[in-house]
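The values are calculated or read from the model by the stated rules, or taken from the named source; none is laboratory data. Bear in mind that the values here come from a model prediction, so they are computed numbers and not experimental data. With ideal geometry, Cβ positions are generated from the backbone for all residues, glycine too; neighbour counts draw on all protein chains shown. The accessibility values were calculated without ligands, DNA or RNA, using every heavy atom of the protein model including side chains. Shrake-Rupley method; radii C 1.70, N 1.55, O 1.52, S 1.80 Å.
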Amino acid sequence: MTKEPEAYQKGATTLRRGHVPSTTTDQRLLDQSQDSGWVHTDPWRVMRIQAEFVEGFGTLAELGPAVSVFGSARLKPGSDFYAKGVELGRLLTDAGYAVITGGGPGAMEAANKGAYEAGGTSVGLGIELPFESGLNPYVDLGVNFRYFFARKTMFVKYAQGYVVLPGGFGTLDELFEAVTLAQTQKITSFPIVLLGTKFWAPLLGFIHDTLYTEGMIAEKDLHRLRVVDEPAEAVAIIASDGDNLGASRPE
Ligand SMILES: C/C(=C\CNc1ncnc2c1ncn2[C@@H]1O[C@H](COP(=O)(O)O)[C@@H](O)[C@H]1O)CO
């Protein structure tokens with residue numbers, strides 16, 4: 001009778017003869033002498049990206065109705081728009097919304113402060129930056145991201161609408177991502193409200209006089225952005241136009 005060759009069990013796999021490894025999986029996992037260059041490869045980045053989505057979804061899934069507030073990181077405490085950001089955070093809280101911001105300074109801090117002072121849910125989705133300033137002190141529920149695109153998914157997925165204070169490139173990026181998602185019907189019933197008629201007038205003028213007149217957008221696209229001066233008006237629009245479905249929005 002032939003002798004049964006020695007079998008090596010690797011998880012669910014049975015290995016024999018030349019397939020039997022000289023080390024175990026655990027030994028290789030725990031071996032510190034290995035080259036660590038693989039942590040900088042794309043397949044490993046995919047795992048980190050996946051982890052950011054898992055962390056974000058897991059933390060925010062049960063947030064309830066929420067509104068994402070954007071605006072300049074450079075807005076100074078004491079300025080008119082900072083005060084409006086605080087008022088907005090408070091009114092959103094009073095209306096039953098959690099307030100989601102980028103967790104940074106300026107307009108983000110203002111809205112978080114309003115939510116915090118009104119006893120609401122104050123969320124900050126921070127981003128790793130070379131000149132990072134950390135989450136502002138009014139954030140009670142914070143998630144930090146490495147990747148802008150993962151973070152931006154959270155702003156949309158867990159909000160019933162956006163309110164946008166005056167801001168620069170970052171604010172415009174967040175604003176136009178939402179407008180594009182609405183235009184392409186990736187999101188529906190998603191009010192986008194700009195705060196500050198004077199600040200936004202030149203941009204709205206460009207959208208009408210150039211984008212619309214030159215045929216780059218449709219007539220109905222002109223109505224995707226609402227502009228108001230008072231935080232109370234912004235909250236009223238969100239409350240009447242939003243779907244209040246939040247995270248239960250279908251895929
Ligand atoms: C510029 C300074 C700090 C930057 N810190 C930020 N932290 C979190 N989120 C940020 C930060 N900077 C930009 N963002 C995002 O973009 C929007 C604001 O950008 P803008 O160019 O200032 O308009 C904001 O909504 C964030 O999501 C130190 O002053």
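Points worth noting:
- Heavy-atom surface of the chain, accessible at 1.4 Å and reported per residue (Å²): 57
- Gaussian network model of the chain, Cα within-10 Å springs - most flexible of VAL20, VAL46, VAL163: VAL20
- Top of GLY161, GLY106, GLY78 by mean-square fluctuation, Gaussian network on the chain, Cα under 10 Å: GLY78
- The chain: relative contact order as a whole-number percent, Cα under 8 Å and 6+ apart: 18
- For PHE53 and ASP221, a Förster radius of 25 Å and the Cβ-Cβ distance give a FRET efficiency of 0.25, rounded to the nearest 0.05.
- The chain, accessible surface, carbon-and-sulfur percent (1.4 angstrom probe): 55
- Bridge orientation summary for the chain: considering DSSP beta bridges with both residues in this region, about 15 percent are antiparallel.
- Sparsely packed loop sites in the range 83-189 (the chymotrypsin sites (Phe, Trp or Tyr not before Pro) outside DSSP H, G, I, E and B with at most 11 other Cβ atoms within 10 Å) comprise PHE131.
- The range 54-248 shape via C-alpha gyration tensor axes, a/c threshold 1.5: rounded
- Scanning the chain for trypsin sites (Lys or Arg not before Pro) lying in DSSP loops with no more than 14 further Cβ atoms inside 10 Å, the longest uninterrupted stretch between such sites is 75-145.
- Label separation (GLN32 vs THR14): 3.9 nm, computed from points 7 Å beyond Cα along the C-beta direction.
- Value of [θ]222 nm, deg cm²/dmol, for the chain, DSSP H segments ≥ 4, -39500 (n - 2.57) each, nearest 500: -12000 deg cm²/dmol
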